[in-house]
Amino acid sequence: MEQIKAPVLIVGIPRSGTSMTAGAFVECGAWGGDLQGPNRFNKRGMFENLRIRSEVVKPFLRENGWDPAAQKPLPNMRQVHAISNEEVEQFKDKILSIMVAQGLKENQNWFYKCPKMCLIWPIFHKAFPEAKWIIVRRQAEDIVSSCLRTSFMRAYNKRSGWLKWAAHHEDCFEQMIEAKLTVREIWPERMIRGDFTEIQACVNDYGFDYNEKKVVNFIDPGLWRGWDSKRREGWQESSQQK
């Protein structure tokens, strides 16, 4: 596995647009193995590798006493930092074995998208120190509103609880930046507004070939809650002119 490239890792607070961002990368030729497709929570697709999530990430959370859904309780960062080198290598080998079994080739650019990764970023960083990270951002109030509407987000029933939960993720983002990981930030709402400059720069800089036509066709403002009809109509008019 010496010739396997370091991945692009897409993280963010759940309900922030990580699936939209990963989907835009897929439209530009990014490969992530066998990806989860559309469901009732995301009609465009989740774009997450189910085997890595179910066989690596969730067991790691569960075995350390944390919620495998990454809601409550959240990982203790001191414990994550203290994971042994042997555990890191086992963690890495499991991920690479899955990806190779699904078709990953030597020197191929690949990605893994998982919102939970920011909560355990040190083990991913130790496993893939050359990885390029994308932090997907959205205003906390909008994320909380989405959580309160989403049936599988069950840890809290009040805004205050979800706001603290979101703040914990944002603390993790700051730690990742301070640790000097290779990080770029993406705000999906800019794509909803018809501004693709941010995603274009990120796709190209991270080794893929940006395809604006496919990205524009993929982005559906109607699936982005809180985006009102007048702004949606304006986006559709501008996108049709491209």
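Just so it is clear, none of the values below were taken in a lab; they were calculated from the coordinates. Nothing here was measured: the structure is a model prediction, and the numbers come from that model. Glycine gets a Cβ as well: all are built from the backbone with ideal geometry, and neighbour counts include every protein chain shown.
Quote the charge dipole size of segment 1-62 about the Cα centre in Debye, to the nearest 20; the model charges only the Cβ of Lys and Arg (+1) and of Asp and Glu (-1). Kindly include the intermediate steps, with their values, before the conclusion.
Values: 9 positive and 5 negative charges, 72 e Å.
Its charge dipole is roughly 340 debye.
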Counting only DSSP beta bridges fully inside segment 8-240, the antiparallel percentage to nearest 5 is 10
Which of the GluC sites (Glu not before Pro) found in segment 8-111 are loop residues per DSSP with 16 or fewer other Cβ atoms within 10 Å of their Cβ?
E106
Once semi-axes √(5λ) of the Cα gyration tensor in Å is worked out from the coordinates, which option in (1) 28, 23, 15; (2) 26, 19, 18; (3) 38, 21, 12 does it equal?
(1)
Using the per-residue mean of other Cβ atoms lying within 10 Å as a proxy for protection, in what order, highest first, do the peptides 188-195, 164-171, 112-119 fall?
112-119, 188-195, 164-171
Check which residues have an amide H placed less than 5 Å from Q36's amide H, if you skip close sequence neighbours.
F47, E48, N49, L50
Centre separation in Å (Cα based) which lies between segment 145-161 and segment 28-64
21
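May I ask you to derive the relative contact order of the chain, considering only C-alpha pairs under 8 Å and at least 6 residues apart, and to give it as an integer percent? Working shown, then result.
Values: 328 pairs, mean separation 71.3, N = 242.
RCO, the chain: 29 percent.
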